[in-house]
Every structure is written in structure tokens, then in C-alpha cells.
1. Only one of these is assigned to a helix (DSSP H, G or I), more than 19 Å from residue 121 (Cα to Cα), hydrophobic (A, V, I, L, M, F, W, C) and touching a residue at least 24 places away in the same chain (Cβ under 8 Å): 40, 55, 51. Name it.
2. Among all residue pairs at least 6 apart or on different chains, which show Cβ distances below 7 Å where the first residue, located in segment 199-227, is on the phi > 0 side of the Ramachandran plot and modelled with pLDDT under 95 and the second is surrounded by fewer than 16 Cβ atoms within 10 Å (Cβ to Cβ) and of a type in the set (Val, Ile, Thr)?
3. For the subset of segment 112-123 comprising residues that are assigned to a helix (DSSP H, G or I) and surrounded by fewer than 20 Cβ atoms within 10 Å (Cβ to Cβ), which member is nearest to the chain's Cα centre (by Cα)?
4. Being under 18 Å from residue 256 (Cα atoms), under 16 Å from the mean Cα position of the chain (by Cα) and of a type outside the set (Lys, Arg): is that true of residue 157 here?
5. Being of a type in the set (Ser, Thr, Tyr), touching a residue at least 60 places away in the same chain (Cβ under 8 Å) and closer than 29 Å to residue 229 by Cβ, is that true of even one residue in segment 413-425?
6. Write out, first by first residue and then by second, each pair whose Cβ atoms fall under 9 Å of each other, whose residues are 6+ apart or on separate chains, and whose first residue, in segment 262-284, is crowded, with 20+ Cβ neighbours inside 10 Å while the second is among the hydrophobic types (A, V, I, L, M, F, W, C) and not in a helix (DSSP H, G or I).
7. Any idea which of (1) of a type outside the set (Phe, Trp, Tyr); (2) surrounded by fewer than 21 Cβ atoms within 10 Å (Cβ to Cβ); (3) over 15 Å from the mean Cα position of the chain (by Cα) is the one residue 233 doesn't satisfy?
8. Condition check: assigned to a helix (DSSP H, G or I) and aliphatic (A, V, I, L, M). Does residue 98 satisfy that?
Amino acid sequence: MRPTSRVGRLRVFPNTFAHETFRLGVDRSSVTSSATVSRWTRGFVAASAGWLVVWQTAALARLPRRVTVTLALYGFVLHVVFGKAYSLIPSYFDRELAFSRAPTVHLPLAITGALALAVASLTDVPPIVGTVGALLWVAGIAVLLGTLLWTVRGNLTGGETGTGDHDAGRRPVDRAANAAVPIALLSLALGAYATLAARVPLPMLLDGYAPRASHLFAAGTAALLVFAVGFRLFPRFLVASPPRPLVSLVLLTGALGPALLATGVPAGPVLQAGAVVQTVALVGFAATYCLLFAASDRDRLPFYGVLAGALAGLAVAALGLLLAFEGRQSAWIVAHYRLALLGFLGLTIVGVAFQFYPPNVAQFPGGGDRLAIAALAGLAGGLLVEVGGLLAEFAQGVVVGRALAFAGAVGYAYQVLGLFVQRTRR
């Protein structure tokens, strides 16, 4: 399979991009800034891959749920969200990142903040660890939000999409997708405030219940960005067009649902309303992606990763409805958050990562398509076995599933980090 990403093209034609860029009169400083952003974006993706391995290790070791949720959400999921936000949102709003060094400042704050917050969730850890972690974490998010808001000033609703004339037919979907991005960033800000208010003397959002911040981050930020950015990326990847009514429905419910969920947990009519609204978003997204997938004549591994993530989203929705309407059972809660963070978000992240960083350009021992397939199969298959074990109350099945997911995480991390090391050695 021929490489189609920028990584593949630059490997075959190492001097063409730079030559054509300067010949066309693009400012060298602009190219340097883009290279800086790209390099540090890879840093976030690399950190995310590392967090995935740490998370699966913690799950195998049966560490407390709050520890594993922090490793999964603050570590694995949000690190890749931060990295891709720096690289994709400016271009989708027809802008260039205002401060190219912002990711350089943000990455160490995010890593140390997430680590401290995870450690603080263990027993007998001094409260100062959590306080420092929250301060570092929120400082990093402040860097991100300040940079992005300054970058897109004057185009906050995303009316300017940067869509080329050859894709003019995609502009309505692109504008709708852009309009959801500020809502996702607002959820990120609220989640950051809730995280900080739980550790320092600030007025709390409602009662300071930790899952409120988790839902703001997972559903309000990460999932909504999957919808918004996905409706820009996936139609182009698959060379197909999504139904506009479905796009509008998913974005509307995907923006409203997380607010209801974060307000309504742990129980009550507001939570039930949020579960229904979020279900519409997840089902609508899965239907839209399946239509794109079926209409496409492209058959590539990354697309199957996103498909698996979209289907996992259906299971997330089903369990969410059960939790909202039938009550809280421990096994259901664990299965729900594993399906949400490793299934819907995790498999989507892995699929998109393999599209941006194609396995078939790997030139290091063990790297390549076979490893990528094995990693994706380990993550998806392990999750399926684990959830089956949780729901059937079969402990050995849970252990086997988590072991498979751990193996898949190690394979994914080795593949992605190997490509990054390979790139730096050229």
C-alpha cells in the first residue's frame, strides 16, 4: 500500500516540500513556526501513547478507579487532544497558530500535572501533590486556550474555514463543525476550573463531585472534538460526503448532552435527559461514519480503527442509558468508562494516529502494518473480552481482556514512537 500522508511523501521526496515552499515565496519564519508546532504536536502524541501503556498497566494492577480514570482521561486522551488542537484548529479557522512555542510550554505542564493528579488519587499521598498537579494542569490549559483564542480572534464561530475552492461543497459542513469547537473549548475551561476548585479554595461548580469534571473533559471536550474535527477529517479521508442533517443533529446533541451529564451525575432526571441526548449524538455519529465508510472505495487500516471506535460508542450509549435509568452498579460503571475512554475515544485516537503516521513507512525492527493490525486487534479485542467479563461477573475474563489491551497498547506505543524516532534520525 502506497503511503499517502505527508510523512510518506516527505520520505520519498525529502527536498521537494522545502524547495517548493520557498520558491513560492512563503516566509521562512512561517515554515519554521509550522515545523515547531508539528514537532511538539508529535510530542503530545508520543506522551499520549506512553500514558496509554501506563493506564493499561494500572488497570492490570487493579489500582483505584480514580487513578485509572485520571491516567486515561488526563493522560492518554487529553494529551492527544491538546496536540491536535494546536495543529488542526488554526488551519480549520483559516489562521496560523499565534504563538508557535505555546505547545513547548504546555507539554511539560500537562505531563507533570497529569502525573501528580494521578498519584494524588492514591491513598496516603499528601494533599499538596494534588494541589500542585491541579495548578500545573490548569496552567497548561490556560496556555492552550489563550493561544487558540488569540489565534482565531475575529473568527470565533469559524465562518472562515480555510476550505479550498475544489472542496466548496464541503463548506456548510465545515462551518457547522467549526461552530462546535468553541463549545468544546468552553467545556475544557469548565473542567479545568472544576479540577482546580477541588484542590484550592475556590467556589466549586455545583458540589465538586469529581465525575462532573470527567464528563466535561471526556464528553464535552474530547467527544465533541471527535464529532467536530471528525466531520472535517473523515469525509476527506474516505472521499465521501456525510448527510448534512445528521451532521447538524450530532453536533447539536453532542454540544448539549455533556452539559446535562455533568450537571446531572450521579442520578436524577437531568442525568437521564443528558443520557438520552448524548445517545442521539453517539448513534448519529456512528451512523454517519458507517455511511461514509460504506460509500468509500478506500480500504485502509486507520478507517477500521475509527469504525471500531464508533461502534464502541454505541455500547457506551447503551450502558449510559442503563446507568441513568436503572441505577448504578459497579461493573456497569467500570465497563462504561472503559468503553468510553478505551473504546470510543481510544480506538478513534489510534485509528486517526495511524492515518497521520502511517505504519507502512516504518523502517525499524518489528514496525509496520502487521504490528499496527495486531495493536488495534489487541486493544479492540481485549476491550471486548474485558467488558464481557465485567458484565458476566467473570473475573478471569476481565484479566485476560486487560492483558490483551495492555499488549495492544505496547504495540501501538512502539509503532508510533518508532516512527517518531525514525523521523528524527533522518
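The values are calculated or read from the model by the stated rules, or taken from the named source; none is laboratory data. Small disclaimer: the values here were computed from a predicted structure and weren't measured. Note: ideal-geometry Cβ built from the backbone for every residue, glycine included; neighbour counts use all protein chains shown.
1. The match here is 40.
2. Within 7 Å, no pair qualifies.
3. Looking at residues that are assigned to a helix (DSSP H, G or I) and surrounded by fewer than 20 Cβ atoms within 10 Å (Cβ to Cβ), I get 112.
4. No, not satisfied.
5. Checked against the condition, which is being of a type in the set (Ser, Thr, Tyr), touching a residue at least 60 places away in the same chain (Cβ under 8 Å) and closer than 29 Å to residue 229 by Cβ, segment 413-425 yields no hits at all.
6. 262/205; 262/206; 271/265; 274/265
7. Condition (3) is where residue 233 drops out.
8. no
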